[in-house]
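The structure under discussion appears below in the form of structure tokens.
Derivation of every value follows stated rules applied to the coordinates shown; laboratory data play no part. Computed from a predicted structure; not experimentally measured. FYI the Cβ positions are ideal-geometry reconstructions off the backbone, even for glycines, and counts take in every protein chain you see.
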Amino acid sequence: MTTRSYAGVSVGDELPPLTVVLTRENLVRYAGASLDFNKIHWDDKTAAEAGLPDVIAHGMLTMALVARVVTDWAGDPGALMTYRTKFTRPVIVPNDGVGATVELTGRVTEKDDTERTVRVELTAKFEGKTVLGRPMAVVRLLS
Amino acid sequence: MALDQSFIGRTYPPSPPYEVGVEKIREFADAIGDPNPVYRDIEAARAAGHPTVIAPPTFVITIINNQAINMLEADDELGLNWRQVVHGEQSFTYHRPIVAGDELRLSAVIENIMSRAGNDFVLVRTDVTSVSGEPVCVGTTTLVARGTA
């Protein structure tokens, strides 16, 4: 694994995109791993009572998926200094064996030569619409 | 009824130490579908300059869920209606990556409560430190209680 060099990064660089399919099984695994057992993420009846068309993915799972766009590009996940997002739209995950396709992208929008940090603005889309509000990360690169 | 703003500043005592297990990190990395070897293989982690395997950046939410969010949920005085609560916003500031074997403490404070368009917004800051007090990560979670204000 190589760590990306600060000098080689330019504002406007597009990060390699990722496409991830989330199934109901992924949501159950994430519930267990993250200790978030809110039934809205695995129980049809609870989702319907909440007025949702179906079970929805954990916002934090989508946030974890987008982080990978940055950490795969940076080389070392330990380079992440700041990471934040709003959760604006749910990712609907029907129990149909097909799941939901989430498309993830990132772009360099700022470089700070003093701190050697790079700001990356991200997007996560489901059915062509963004599901996260202004997700962004700051990474510190070495050389 | 809107939440009582006098709960702004309410603190929750530091949790008992949470020990970060190497298999819990692997389980989390598997659950988010991230194959990065630094989350699983000690040699890969060392090659990247870490003492041992590190946790994915959003792993800390497991500790926040386990310790802070559960404390708020159990706080009857606060009176947040959990059936209406969704996650509105999340931010993390990392001082260093979480590594396998870390013993971490978490303390939480309600930084703000506000009502807007019929919803209550509760902003919770969580400070994650080592047991010796070294800062590791600061999280800010915005919870939205829909239709309760």
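Descriptive notes on the structure:
- For the residues of A:28-39, the average number of beta carbons from a partner chain within 10 Å of their own beta carbon is 5.
- Axis of helix A:24-34 versus longest Cα principal axis of chain A: the two differ by about 60°, to the nearest ten degrees.
- Whole-number percent relative contact order across segment A:1-110, with pairs defined as alpha carbons under 8 Å at least 6 apart: 46
- For A:LYS129, the aspartates and glutamates whose Cα comes closer than 14 Å to its Cα, not counting residues fewer than 8 places off in the same chain, are A:GLU103.
- Length-normalised contact order of chain B in % [C-alpha pairs under 8 Å, at least 6 apart]: 31
- Inter-part distance where segment A:81-121 and segment A:1-55 are each reduced to a Cα centre, Å: 10
- Hz values of 3J(HN,Hα) by residue in segment B:36-51 - Karplus curve (6.51, -1.76, 1.60), Gly and Pro given as x: 3, x, 5, 8, 9, 10, 4, 5, 5, 5, 5, 4, 8, x, 9, x
- Going by neighbour counts of Cβ atoms within 10 Å, the residues A:PHE37, A:PHE87, B:PHE7 line up, fewest first, as A:PHE37, B:PHE7, A:PHE87.
- A Förster radius of 22 Å combined with the Cβ-Cβ distance from B:GLU73 to B:ARG116 puts the calculated FRET efficiency at roughly 0.50.
- Distance (nanometres) between label positions extended 7 Å along Cα→Cβ at B:GLU103 and B:GLU134: 1.4
- R0 of 22 Å, Cβ-Cβ distance B:GLU27-A:LYS39: FRET efficiency to nearest 0.05: 0.60
- The angle separating the long axis of helix A:59-74 from the principal Cα axis of greatest extent in chain A is about 30 degrees.
- Scaling against 2.2 N^0.38 Å puts the C-alpha radius of gyration of the protein assembly as shown at 0.98.
- Relative contact order (percent, whole number), segment A:78-123, Cα cutoff 8 Å, 6+ residue spacing: 25
- Amide proton proximity set for A:THR109, modelled H, under 5 Å, gap of 5+: A:GLY12, A:ARG119, A:VAL120, A:GLU121
- Between the Cα long axis of helix B:22-31 and the first principal axis of chain B there is an angle of about 70°, rounded to the nearest 10.
- Report note on the peptides B:110-119, A:124-133: ranked by the mean count of other C-beta atoms within 10 Å, highest first, their order is A:124-133, B:110-119.
- Kirkwood Rh in Å, taken over segment B:1-122 so that all alpha-carbon pairs contribute: 16.4
- Cβ-placed point charges (K, R +1; D, E -1), dipole of the protein assembly as shown about Cα centre in debye, nearest 20: 500
- D_trans [Stokes-Einstein, Kirkwood Rh over alpha-carbon pairs] for segment A:28-125, 25 °C, 0.890 mPa s, µm² s⁻¹: 160
- Computed from phi, the 3J(HN,Hα) profile of segment B:74-81 under the Karplus parametrisation 6.51, -1.76, 1.60 (θ = phi - 60°) reads 7, 8, 5, 4, 4, x, 6, 7 Hz, with x in place of Gly and Pro.
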